[in-house]
Each structure stands twice: as structure tokens, then as C-alpha cells.
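The values are calculated or read from the model by the stated rules, or taken from the named source; none is laboratory data. Everything numeric in this text was worked out from a predicted model, so none of it was measured. Here the Cβ positions follow ideal geometry from the backbone for every residue, glycine too, while neighbour counts run over all protein chains shown.
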Amino acid sequence: MSDRLRLLLRLAVRNIRTQTRRSILTGLAMVVGLGLLVMSRSMAEGGHEDWIEKGVRMGSGHVTLQAPGFAARRTLDYRLARDDLEAVRMALGDSSVAPAVHGYAVRLELAGLASSANAAVPVAIVAVEPERERRFSELPAKLVEGRYLVAEDGLHAFVGQQLLERLDLDVGSRLVLTAQDAEGEIAAQLVRVAGVFRSGVPETDQGVVHIPLSTARGWLRVEGSATSVAILLANSRAVGPATRRLERVLADRADRVAVLDWKEAMPALHAAVRLDDFADWVFHAITLAIVALAIVNTILMSVLHRTREFGVTRALGMSRADTGTQVMLEGLVLTSVSGLIGIGVGLGLTWLLFRNGLDFTFLFEQELEMAGVVFDPVIYPRFHVSQILWSLGFVFVIGVLSSLYPAYRATRIEVAEAMKFE
Amino acid sequence: MFRSPWWRIGWRNLGRNRRRTLFTTGGLALGFCAVVVMGGLNRGLIAEMIGNGTGILDGQLQVHDSEYLPERSLYETIGGREGTDVERLVAAVAADPFVSASTPRVFAGGLVSSGDGTVAAALIGIDPAREPAVSTILSTLDEGRLPLPGANELIVGREMARQLSFAAGDEAVLVAPAADGSMGNDLFTVAGVFDTGLAELDRGLALLPIGALQRLIALPESRIHEIAARVEDPWHAPEVAARLAGPIAGSETEAEVSAWTTFRPEMVSYATMAEGVEWMLLVIVFVIAIFGVANTMLMATFERRHEFALLLALGTTPGVIVRSVLAEAVVLSTVSLVAGAVITAPILVWWHLAPPDMSWLYGGTTLAGGLMRPILRVEYPWLMIVEAAVALFLTAVLAALYPAWRSARVPPADTLTGR
Amino acid sequence: MHGVQGGDRAAVRTEDVWKVFEHEGIEVEAVRGVDLKIDPGEFVVLAGPSGSGKTTLLNLIGGLTRPTRGQVWVAGRELTAMSEKELARLRLEQVGFVFQAYNLLPVLTALENAEFSMLLRGLDEEERRRRVEKLFARMGIAGLETRRPGKLSGGQQQRVAIARAVVGEPALVLADEPTANVDSVTSEGLIDLMAELNRELGITFVFATHDTRLMRRARRLIKLVDGAVAADEAREPVGPGNGMGGPEAAAEPGASPGEE
């Protein structure tokens, strides 16, 4: 740093420190603004991550592998055959992929009709490997009666509570599942209700039935195959790299196995996350714009009060550029220091107050569903370097934007005018 | 009070440093605008959610047999096994001044097959003539035409049509458990395809004329499951439901009238939460604005300390000084409010009349079961406008309290001589 | 360096300089056709009543204001053709300013104020400290280096301001009413100091003042009336030490650090 810049910086810092009250008031606005930004971003990230994880656990995983065409047609014509599944298992064991994979579930998903003596209801039949599914899906934990499926189960079903009510059945009762088998024939299968779940998502509670994969394979005449493999990763940030690696490993089977990420597989969830993020950013942009206006005002006033001082320094040989730089530095130092404090306070408070979760229960009377996922009313913050970098970026942008005009004004000061009598 | 000279003095003092006034006013006006526009968006979001959630299919008001919910059993038709005088009941519901239309419906579950495959579907029997006045689902038809009353025709969702490779004019086989214990099945013609944007409906719903469905599941014409009705302002629905409950239930049948607030409680819950969020927003924005205003007022009063000292020396009481500074704050907030209104009004009106397409940002999604289209219309948040205006005044006055207090405590002698 | 035509070796030279201000539609001729030549080492006072154009002329010479017409040379360089940046640089290297109201930067210490222009010029710290300390010692304000202006008396502040003006060894020091804000004893001390710096370091001083004490000490007195030169006379300075205030001048009561 040149002596000149150091001098300008010293002037800036000393001016900020001298005008204590003004700096503190301005700084506080910045601290509040940035603190809020950091807090709400970490809570939003935490909320979204939880939301995405719930969504992908309920649904098709962070990444899902299907036969190309299954997503659109959802029939058994588009399924993963025995050798495809073998290739998928190999791929998941590949050293480039395995460390990122937290779990996976092989499923056979099909639309069908569930009927009892009372009613017939369209349902999504999900045939699962019980032990694997228990670790993967959220549904087994939503048990309200009976038990989840176990490996030895045959003609058993795990059914949503509302569906059970509509069919007027109880645990232990029998129901008939009807669907089209691999040959295109309508096939029926009798199963017994082993357990009942309640997820809070109406669509799921009215329309999802889990049965053992082995049962479905025999019933629908698709021995050895499945329609999808849902893969769970550490978090949503890992999706991009993991998708690319899976695509690479499965490249020679691209015509048989398609790799979809959760954004493609669950566009509604992705849209909801984007919408929520957007609203959050708009809100911060506005609060920070208000903060920036307050800072412009403060620095501008400070400049106009010190016209004479700027006249003196100009007379002593400072150039217009020096004067402008001095004011810019004043704004930048003020915003950086208070912004950094704000970031620190925001992170600290979030950690102190909410690391054990922020409970929103008081706001909801009912379970709240959005994009097919029930909100957990307790949100846990999530910290990430990128939030801090974003916040620092904001601090810098506010600093520059709010100092530009005052700095410009300072360079416009006419020395001879400024030096006239006070 | 309003004839007091302090208002005029406050106004002139603001004019002394126009730029400073401009920035402070700008901050407050921006805050006001932000809160009101966000409030409007929030209202729009709620209206969209409720509008779609109730408008696409459900209706704002439903009449069922008291035994029908939640099982939705095929047998629990209005009026029990004997059925009811459908026309009279539909008319009775429509008689309420807030109800703009009502229509009968029959529900069943079954399988829909084409040559290419079979899917399970919810089958709803509707009256093609009356349904459009109650729900919007028929207006989402994007291929073919509506089924003719009584004909063996149906319309299906876009997603189902894709899965079954249906086009208008194709044949479909419907199989459904019937009320007489048999399996009803019949050949139908696909009249058209609808596209609501809601995956659940587009994938799993087929609509057919009420008479055709009754034939398929062996129900006589007098037996229906539901009468759905439209109430223009959804928030009037609970009141209408309460009003209708007496006459409808009293008329021979054991019918039950419920509003959307009962059968879609999650939407009410969301609306309540959204209001809470609006309040948080209001408080946060104006708390931040307080710093800006306090700072400005502090500077402005500091510059005028000689003036205050002089006034005090001339015998003005501190109370008058406090009042004059507060009057300035009130004038400042009035100016800000006017500026805020001037920038906010066009945004609100534009966003209400010509909502922009936000599909670059998000595709369709659902909220509490209601479809959210990427075109979001802002609703006028009247209450929020009043609240924000009050908050703006409070902010300015609160922010001026400390500067006012300081101004009134300027030591006259020292300030006048000390320079 | 610009050409020396018209400038030769003069510290300051003006040629038919005019300055016309416009204030609310009324034109005011503050300086009207001034021709002047000040040689290096001179100790000149511009005198005249308020509004006679002394300050404006000083500002013109210092490059703080541009003339409406005419030319100004400082240390052989013509000012009117210079850019803002060049002017700033010229002020930094060739011109020192002393103002009526001291105008020290309140946020800097006495030492930092004094070394301000050297800092801008990028002199190294050792050199800056050496020069300031030497100067402070000779001006009788040694030991005050770390004080802020608020903690100094008026006389001390003006001494720091004079130190700031001369420490960079400029060709020219312009002082506008340097004694107006101090009492008479302090004022004499300041004048002695500047006379001594003028004599010993050869720094050219140009004052604008109506302080008669300062006028008496001038070796050349230029009287301005209505923006034009009314009289320009060389004279023998009178007063304490005959303008020859030695180191003992710092010891006189008016200049002692303790004054308030």
C-alpha cells in the first residue's frame, strides 16, 4: 500500500471514529441488515435442505435412475431389467460414486386401483425392498398403527391412513390391488394391511401403498426388474457432481438407464424452493437498499459538513481523485466493519438461539404442505461458506454504491469556495 | 394544533437541506413501497392458492351426506339409499345470495384402459352444463370438446392421455366397482383432454357426464354424492355454510354443508401464517428505517443547535422545542408517505392488471394443495397499506424522539457563545 | 518545466489577471488586470480593505481559482494551461498555504498535520520525522507532536499550520490573514517566526492581510483597491528583531507552548 493510500485510509478511519454517534447509528442499521441476512439465509438454507431431503426421501431421491421414457409414461414397458440393475449396483459401488452415496432404494412404481368391498381408489403402488426402504424413506417412520414391511413379508401392504378410511378397512383387513402387468393384462393381487402411516401430505395419505418388491415382481410378471433406483446423497449440494459421475460410469448404458436429479424428477419441489429463495432475496435486497440509503445520507452529510476540510486538503495538494478515494474509503470502512460485525452477530445469534432448531409451531395450526412435502415446523440452520461470501459481496456492493455519490460530491467541491469564511 | 406555526416551520426546515430530506424521504418511501408490494404479493399468493385450491375442482362450498366424509363410500349418497330430489336441492343451495352457482356430482374409482395400457383413475360424474359456473376445470380443456350430457364420453387429464396415448375420438374402456356389488364396465369415447397444471388431477382424473357414471356404477339418477357451489369471495363461504346448514339439513335429508375452510384447513393455516410473516416484514423494514431517520434528524437538529439555544434564551420552553422537532418528523413522514404512495401505486396497479410471467424463475408448484401458477397477480393489500402508513409515522416520530430531547436540552449560554 | 517566457526566475508572476464572479446575475470584478512579479525570497504583503480582492488574488496564485483572463506563473510554470491534476501537484510541491483559521485536520495529530504534504509526496518516514522534529524544535512547539489540534492553543495550532506549509520546502508560501485569530503577543511571535524562515530558508512569503503589525514587517507592500494594484512599494521592515527573530524568538512569552 502506498503512503498516500495509507494516509487516505488513516483519514477515513479517524473520521469514522471521531463521529462516534453518527457512525454507530449508521453501523447499527448495517449490523441489523446484515445480521438478518445471515440469519435468514442460514435458516432458509437449513429449511430448504430439510425440505429437499424430506421431498427426496418421500419421492425419488436426490438422484434417480430410470429407464428413459419412464418419467413420461410410467408403465412397465419402461423398466430396468435384471442386467440394468446389476450395472447400476456396480456403478453405485464405483470408487468415484460410492463415497457420495448415503443410501439407495430399488423400487417398482406403478399406478393401480386399490379396492375393498366399499370403494375403489386410484393409488400409486410402490413395491420396495423393505429393509432398504426403511432406511431410505420417511414413510416407515410415519407409522400410526401396525408395523412397516419386513423382508419376510409376502402379501402385505403398508397403507396411508386416509386411503384406509376410504376403503373402510383396518389393520389386518384385505384389499385388492389391480394394475396392468408387463404383458398388458389387467392383474389383481390380494394383500393384507400390515401397517398404516400418516405423512400429512393428503396426496400421499390418500394414494400410496407400499408392498414388497418380490410380491410385485411375481404378480406383474417382471422377475428381476424394477422401475427406478432412488439415490440419497449427503445433501443437495452434492447432486451436480454425483449426477455427472453417475452419467460417466453408466455412459455405455445411456440408452437403457437415464440419470435424473431431483429438480427434473420433482419440478414442483424445485419451483417451490426457487420461489421461496426469490422472496427471501427480494426482501433482503429491499432492506439492504434502505440501509444503503441511510448510509448515503450519513456519508453525504459528513462530506457536506467537512467542505472546508476538503478544501484545505485540496489546497495542500490532494487531487480530486484523492478526495474521492478518501470518501470512498470512509464509506467502505464503515460498511465493512459494521457489515462484518453484522455477519458475526448474525452467525453467532443463529448458532446461539437456533442451533437446536427454531420452532415455528406457533404459526401453523395444521400441517403445511408445499410442493408435496410437509414442512417440518422446526427449522435447523445450516451454515455454508457461500452464505458468508454472498454476505461479504453484499457488504462490498452496499459500501461502494452508498459511497459513490458522496465521493462524487466531495470531488466537486470548489476549493476557493470552500475556503471562504465559515 | 393544526394551526400551529410549527408545521410550516417544520416544512421549511426540511427544505433547508433538500438533498438530505430527499434521501430520508426516499428511504421511508422505499420501505413503505417494499412492505406494501410484498404484502400485495403475499395477498396474491394466498388468493392464488385459495382460488386454485377451491376453484379448479372443489368449489368453495360442498354438500354431502353426513356419513360420506371421510370414507367417501360409494353408498353414502345424499339422502341415503333413497336418494333425494337433486334439482330441488341444487336450487336450494343456489338460493343463497352469496352462492353464484351450484352443481351435482358423483364420485367413483376405476380403471381406464386404452389399447396401450391401463391406469387407475378417480371418476367424477359432472353436469357439463352447470359445472363451468362452479369450477374451472372444464375451461382447461386443451384438446377436443366437452362430453355431451348423458353420452358415454369422457375427458381425461393431459398426463393420463399421454400414458394411455389418448387423443380425442379414441375409445376407452372403464371398469369400476358398482353399487350393486358387480364390476361395472363399458365402452366410452374420449371427447377431450384437459390440463390443469396440477399433476394429481392431470394424471389421475377422468370426468364424465353424471348420468353416464351413474349408469356405470348402477346408481339411480336421484343418488348423488356431492353438490358443489361457488361463492365469489371465498372468505364468505363459512358464513354461507352456516346459513345453509339449517334449511338443507332440515329438508328430509341428513346432508351436511361445509366450506373450504373446513375441508381444506391447511389453506387457512397458511393464510394465517402468511399474515404473521407480513407483520414481521413490516417490523423489520421500519426498524431498519428508524436508524436512518434518527441519524438524519440528529444531524439536522445538531446543525440548528444555535437556533434552539436562541429560542431557549428568548424564553421558549423545552416542550415547544420538542414539539417543533416532532412536527418536523410528522411533516417528513407525510412527505414520505405521499412519495411512497406515488411510487407504490403504479407498481401495484400494473402488477394487478398485467401480472408478469415469472416462469423464468419458477415453474408451476403447489402450496397447501393449491396450484401456484408462475403468473402471480398482486392483490391490493388495503389493511397492509394502512398498517404500513401508521408504521411509517411511528417510525419517524420514534426516530425523532431522541433528537428532539437533545435539542430541548441545548445549554443556551454555552452554545450561543461557544461557537 | 514549462517555458520560462515571462516567468524567468520569478517565484510568482501575473500578467493582466482578471477574475470576474457572477453572483445571482450580477457580475463582480474581484481582480482587475493585476500585473505582478515576486522574486524568490521576497516577504510580500498584499494589503487592502475587505473586498479589495486580496484573497482572490492569493487563490489565483495558488491555483485554487482559475483567472477569467490573463496568466499566472508560479516557479516558472504557467497555471492557466494546467489540468486540475497538475495544479494539485504544483500545490503539493511548490506552494504552501497558511489559513486564517489554522484549518488543521482535526483527526490528525500535530505531527501528522505537519507531515501531510510530505506524506502525499511519498517521502519516507524517517525523512518526514527528521524534518518535522527539526522544524518543531526551532518553532518552539517540540513535544506537541502527538497532540490533536483540539488540544492545542490557537498560537500553537497556527505554528503547526506554518510548519505544514514550509516543511516541504516549497518555492512559495501563501498566507491568508495568518494572524487574524490570535492575540497580539502570539501574532508577533508568528510574524517573527515567518520572517526568520523567510530569511534563513529563503522561502518566499506572500501574505494577504489587514493586520498592521504584519504590514509593518513587510519588505514589500502591495496595496489593492477594488481589485487593482494601487501601490507597490519596497520598504524597510520595522519591528522586533528587524525581522531578524533568532532562536530566542521561540522563548518569548507569546510563542510559548503554554499559551491559551
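Considering every residue within the range B:156-163, establish whether at least one is farther than 25 Å from A:ARG166 by Cα and free of Cβ contacts under 8 Å to residues at least 40 places away in the same chain. The answer is yes, given that some residue of the range B:156-163 is farther than 25 Å from A:ARG166 by Cα and free of Cβ contacts under 8 Å to residues at least 40 places away in the same chain. Between B:ALA242, B:ALA229, the distinction of being small (Gly, Ala, Ser) and buried (at least 22 other Cβ atoms within 10 Å of the Cβ) belongs to B:ALA229 only. One residue stands out in the range A:155-181 among those that are buried (at least 23 other Cβ atoms within 10 Å of the Cβ) and over 14 Å from A:SER115 (Cα atoms): the one that is modelled with the highest pLDDT, namely A:PHE158. Criterion applied to B:LEU89, B:LEU111, B:LEU57 was being of a type in the set (A, V, I, L, M, F, W, C), assigned to a loop (DSSP other than H, G, I, E, B) and within 25 Å of B:GLU131 (Cβ to Cβ), and the one residue passing it is B:LEU57.
Checked against (1) outside any helix (DSSP H, G or I); (2) surrounded by 18 or more Cβ atoms within 10 Å (Cβ to Cβ); (3) hydrophobic (A, V, I, L, M, F, W, C), B:LEU187 passes all but a single condition, namely (2).
Only residues in the range A:183-200 that are on the phi > 0 side of the Ramachandran plot count as the first member; pair them with residues that are part of a loop (DSSP other than H, G, I, E, B), Cβ under 6 angstrom, at least 6 apart or cross-chain, and list the lot. Once the first residue is on the phi > 0 side of the Ramachandran plot and sits in the range A:183-200, its partners that are part of a loop (DSSP other than H, G, I, E, B) give A:GLY200/A:GLU367.
Against the definition (among the hydroxyl-bearing types (Ser, Thr, Tyr), buried (at least 21 other Cβ atoms within 10 Å of the Cβ) and under 28 Å from the mean Cα position of the chain (by Cα)), how does A:THR26 come out, yes or no? The answer is no for A:THR26. Does A:ALA111 count as over 30 Å from A:LEU389 (Cα atoms), part of a helix (DSSP H, G or I) and within 11 Å of another protein chain (Cβ to nearest Cβ)? Answer is no for this residue.
For the range B:42-57, the condition holds for at least one residue, the condition being that it is buried (at least 20 other Cβ atoms within 10 Å of the Cβ), within 14 Å of chain A (Cβ to nearest Cβ) and of a type in the set (Gly, Ala, Ser).
The condition of being crowded, with 22+ Cβ neighbours inside 10 Å, among the basic types (Lys, Arg) and more than 7 Å from every other protein chain (Cβ to nearest Cβ) holds for only one of A:ARG41, A:ARG57, that being A:ARG41. Summed over the range B:347-385, residues that are free of Cβ contacts under 8 Å to residues at least 12 places away in the same chain and exposed (fewer than 13 other Cβ atoms within 10 Å of the Cβ) total 7.
Okay, residues lined up against (1) charged (D, E, K, R); (2) more than 7 Å from every other protein chain (Cβ to nearest Cβ); (3) farther than 21 Å from B:VAL390 by Cβ:
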{"position": "B:ALA259", "(1), (2), (3)": "no, yes, yes"}
{"position": "B:MET267", "(1), (2), (3)": "no, yes, yes"}
{"position": "B:TYR270", "(1), (2), (3)": "no, no, yes"}
{"position": "B:ALA274", "(1), (2), (3)": "no, yes, no"}
{"position": "B:ILE288", "(1), (2), (3)": "no, no, no"}
{"position": "B:GLY292", "(1), (2), (3)": "no, no, no"}
{"position": "B:MET297", "(1), (2), (3)": "no, yes, no"}
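When B:THR344, B:THR296, B:THR301 are screened for being over 22 Å from B:ARG12 (Cα atoms), of a type outside the set (Phe, Trp, Tyr) and crowded, with 19+ Cβ neighbours inside 10 Å, only B:THR344 passes.
Selection of the range C:156-194 for residues being assigned to a helix (DSSP H, G or I) and over 23 Å from C:MET118 (Cα atoms) yields C:SER184, C:VAL185, C:THR186, C:SER187, C:GLU188, C:GLY189, C:ILE191, C:ASP192. Looking only at residues of the range B:1-15 that are free of Cβ contacts under 8 Å to residues at least 12 places away in the same chain and in a helix (DSSP H, G or I), we find that the one that is farthest from the other protein chains (Cβ to nearest Cβ) is B:PRO5.
The single residue among A:LEU275, A:LEU269, A:LEU233, A:LEU260 that is at pLDDT 90 or above, buried (at least 22 other Cβ atoms within 10 Å of the Cβ) and under 19 Å from the mean Cα position of the chain (by Cα) turns out to be A:LEU233.
If you check A:LEU275, A:LEU316, A:LEU340 for being more than 28 Å from B:ARG19 (Cβ to Cβ) and either in contact with a Leu (Cβ under 7 Å, 6 or more places away or on another chain) or free of Cβ contacts under 8 Å to residues at least 12 places away in the same chain (or both), only one passes: A:LEU275. Cβ separations smaller than 7 Å between residues 6+ apart or across chains give the following pairs from the range A:387-403 residues that are crowded, with 20+ Cβ neighbours inside 10 Å to residues that are of a type in the set (S, T, N, Q) and at pLDDT 90 or above: A:VAL395/A:THR335; A:VAL395/A:SER336; A:ILE398/A:THR335; A:GLY399/A:THR335; A:GLY399/A:SER336; A:SER402/A:THR335.
From the list B:ALA191, B:ALA178, which one is modelled with pLDDT of 95 or more and more than 26 Å from the chain's Cα centre (by Cα)? That would be B:ALA191, the only listed residue that is modelled with pLDDT of 95 or more and more than 26 Å from the chain's Cα centre (by Cα). Looking across C:ALA180, C:ALA208, one residue alone is among the small types (Gly, Ala, Ser) and at pLDDT 90 or above. It is C:ALA208.
For the range B:179-201, a tally of residues being facing chain A (nearest Cβ under 10 Å) and closer than 16 Å to A:LEU113 by Cα returns 2.
Of the residues A:ALA187, A:ALA182, A:ALA216, the single one that is out of contact with any Asp or Glu (no Cβ under 7 Å at 6 or more places or on another chain), within 27 Å of B:ASP202 (Cα to Cα) and within 14 Å of chain B (Cβ to nearest Cβ) is A:ALA182.
Within the range A:297-354, if we keep just the residues that are among the polar types (S, T, N, Q) and within 14 Å of chain C (Cβ to nearest Cβ), the residue that is surrounded by the fewest Cβ atoms within 10 Å (Cβ to Cβ) turns out to be A:THR307. Among the residues of the range C:181-214, those identified as among the aliphatic types (A, V, I, L, M) and buried (at least 19 other Cβ atoms within 10 Å of the Cβ) are C:VAL182, C:LEU190, C:ILE191, C:LEU193, C:MET194, C:ALA195, C:LEU197, C:ILE203, C:VAL206, C:ALA208, C:LEU214. Taking the range C:79-105, which residues are more than 9 Å from every other protein chain (Cβ to nearest Cβ) and of a type in the set (Gly, Ala, Ser)? C:ALA81, C:SER83 - these are the residues of the range C:79-105 that are more than 9 Å from every other protein chain (Cβ to nearest Cβ) and of a type in the set (Gly, Ala, Ser).
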